[in-house]
Structures are given as C-alpha cells and as structure tokens.
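Structure, as structure tokens:
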Amino acid sequence: MVDFGNTLKELRKRAGLTQQELADRLWVSKAAVSYYEQSLRCPSPEILVKISKTLHVSTDHLLGIEDKKQVIDVTDLTDEDIRFLENTIELLRKKNNSIKTASKKKVHAREEK
C-alpha cells in the first residue's frame with residue numbers, strides 16, 4: 001500500500017473527522033485507525049471498503065493505484081441531475097482538450113519561426 005497511512009490521515013482530516021469519529025463509523029477502535037495512519041497495520045478488505053465509502057473515495061485512491069480520478073457522491077440526486085452533471089463534465093473535458101490543442105499549436109508555430 002503506497003503511503004496508505006498518510007492518504008488516510010489527510011482524507012480523514014479533510015472530512016473533519018477525528019480518529020475516534022472515523023473509528024466509530026468503521027466499527028473499529030481508535031487505536032486501529034491510529035495504526036492504519038502510521039502504516040503499522042493494514043485494514044482488512046472489508047474495512048478498506050468501509051473507509052472508501054465513509055470518505056467518499058475509491059479504494060484505488062486509498063491504495064495509491066489511481067491518483068487523478070475522484071468519486072462524486074450523487075446520493076439523493078435525481079437521474080436528471082446526474083445526467084446534467086455528466087453533460088457538464090463532458091463539456092468541461094472538451095473545453096480543456098481544446099485549450100491543450102490550441103496551446104500545442106502555438107508552441108509548434110513558435111518552433112517553426
């Protein structure tokens with residue numbers, strides 16, 4: 001597990017939880033959370049899934065397998081709301097790709113001069 005302890009600690013703090021509050025949500029002891037954060041112990045697969053759900057991140061993110069992808073909690077949103085978000089995300093990706101393409105063209109134009 002690549003830097004699992006630091007990732008867990010950072011995510012817990014970002015969520016505004018103490019070690020005890022996270023432990024209560026996971027049904028483990030405060031000491032267990034402390035051991036996880038210090039990388040002295042590794043959580044079981046079941047606890048790892050609970051951590052990911054509690055902190056709204058993927059297990060891959062917790063384990064350092066993925067870095068860029070993020071999970072958005074769409075609980076309580078309607079299907080229409082979710083479609084709106086998906087369309088907005090797609091538009092933002094197209095915009096960002098257009099900006100990258102334009103920047104590359106400018107660099108190539110400068111190199112040709």
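Residue pairs exceeding 25 angstrom between C-alpha atoms, taken from Lys50/Lys95; Lys9/Lys50; Lys50/Lys94; Lys9/Lys100; Lys13/Lys53; Lys9/Lys53: Lys50/Lys95; Lys50/Lys94; Lys9/Lys100. Given their separation in residues at 0.36 nm each and the Cα-Cα distance between them, Thr78 and Glu111 gain 6.9 nm when the chain is fully extended.
Dipole check for the range 1-64: with +1 at the C-beta of Lys and Arg, -1 at the C-beta of Asp and Glu, and the Cα centre as origin, the magnitude is about 140 Debye. Remark: relative contact order (the chain) = 21 percent; criterion is Cα-Cα distance under 8 angstrom and separation of 6 or more residues. Taking 0.36 nm per residue of separation and subtracting the Cα-Cα distance, full extension of the segment from Glu46 to Gln20 would add 7.5 nm. The trypsin sites (Lys or Arg not before Pro) of the range 1-100 meeting both criteria, a DSSP state outside H, G, I, E and B (loop) and at most 13 other C-beta atoms within 10 angstrom of the site's C-beta, are Lys68, Lys69.
Of the three principal axes defined by the Cα atoms of the range 4-63, the extents in descending order read 24, 23, 19 Å. Across the range 15-26, rounded Karplus estimates of 3J(HN,Hα) from the backbone phi angles (6.51 cos²θ - 1.76 cosθ + 1.60, θ = phi - 60°) give 7, x, 10, 7, 4, 5, 5, 5, 4, 4, 6, 8 Hz, Gly and Pro being marked x. Counting only DSSP H runs of at least 4 residues, each contributing -39500 (n - 2.57), and dividing by the residue count of the chain, the helix-based mean residue ellipticity at 222 nm comes to -21500 deg cm²/dmol. Working from Cα pairs under 8 Å separated by at least six residues, relative contact order for the range 4-63 is 36 percent. Rg/Rh, computed from the Cα trace of the range 72-113 with Rh as the Kirkwood radius, has the value 1.36.
Rule-based calculations on the coordinates, nothing more; no lab input. For clarity, every value in this text was computed on a predicted model and none was experimentally measured. Positions of Cβ are generated from backbone atoms using ideal geometry, with glycine treated the same way; all protein chains shown enter the neighbour counts.
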